[in-house]
Amino acid sequence: MLEGYDDADKTRMAEALSDAIRLVVPAPPEAVTVMIHERKQAEYMRGRQHRTPAAALPDPTQTVRAYLTAMEARDLTAARGFLAEGFTMTFPGTGPMTSLDQLIAWSKPRYRFVTKSYEGVEAMQSPGDEAIVYCRGTLSGEWPDGRAFAGIRFIDRFELVAGKITRQDVWNDIAETRAAP
């Protein structure tokens, strides 16, 4: 590859290559070797032109975690900064919503606040342009009447294009937990 990526970007590439290989080859991580060979721009041409490497995309898991942290802190301005034009989100029992204000209005009669404890955050590349990120764990928070809740399962699925969140789909057991006697 062309020179120009920093060590953190090269580590992300090597980890992603290792994971991709392990989807096909039944090998433990220590059996997968990745070597990155770099070339100076003067040593590489395509279409009779020297090329410049593209800037590395931000880590999609870090983007999603930063977005969710901003949402939990109710910093909607910061959260909006992670969203792409045309962003949509779907929560249990809703159709697609296109703004954080819609989400706040929808959630207001359901709970006062929610926090997330993460058991895992996984990223993968789709065959298209989207990076896919899954977050899973449990929810804690407060019902509208002030009673606390905890241990409610959730899974969030995100799609990101060019480092921005384009879609969020949410699954959780809040309704089942709230309805339980």
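The values are calculated or read from the model by the stated rules, or taken from the named source; none is laboratory data. These numbers were taken from a predicted model, which means no experiment stands behind them. Note: ideal-geometry Cβ built from the backbone for every residue, glycine included; neighbour counts use all protein chains shown. Quick note on the areas: whole protein, heavy atoms, side chains included, nothing else; ligands and nucleic acids left out. Shrake-Rupley method; radii C 1.70, N 1.55, O 1.52, S 1.80 Å.
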Candidates Arg22, Arg65, Arg46, filtered to the one that is basic (Lys, Arg), more than 30 Å from Val114 (Cα to Cα), under 22 Å from the mean Cα position of the chain (by Cα) and open to solvent by 90 Å² or more (accessible area, probe 1.4 Å): Arg22
Among the helices (runs of 4 or more DSSP H) confined wholly to the stretch 1-106, which include 1 or more residues that are closer than 25 Å to Asp156 by Cα and in contact with a Pro (Cβ under 7 Å, 6 or more places away or on another chain)? 7-24
Close pairs (6 angstrom Cβ cut-off, 6 or more residues apart or separate chains): in contact (Cβ under 8 Å) with a residue 12 or more places away in the chain in the stretch 163-181, part of a loop (DSSP other than H, G, I, E, B) and surrounded by fewer than 18 Cβ atoms within 10 Å (Cβ to Cβ) anywhere: Gly163/Leu57; Gly163/Pro58
Output yes when any residue across the stretch 146-158 is outside any strand (DSSP E or B) and either within 17 Å of the chain's Cα centre (by Cα) or within 22 Å of Pro92 (Cβ to Cβ) (or both), and no when none is. yes
Going through (1) modelled with pLDDT of 95 or more; (2) farther than 25 Å from Ala150 by Cα one by one, Ala79 fails only at (2)
Quick check: is even one residue across the stretch 57-67 of a type in the set (Gly, Ala, Ser) and touching a helix residue (DSSP H, G or I) at 6+ places or on another chain (Cβ under 6 Å)? no
Only listed residue being at pLDDT 95 or above, over 18 Å from Pro60 (Cα atoms) and in contact with a strand residue (DSSP E or B) (Cβ under 8 Å, 6 or more places away or on another chain), chosen from Ile165, Ile152, Ile174, Ile132: Ile152
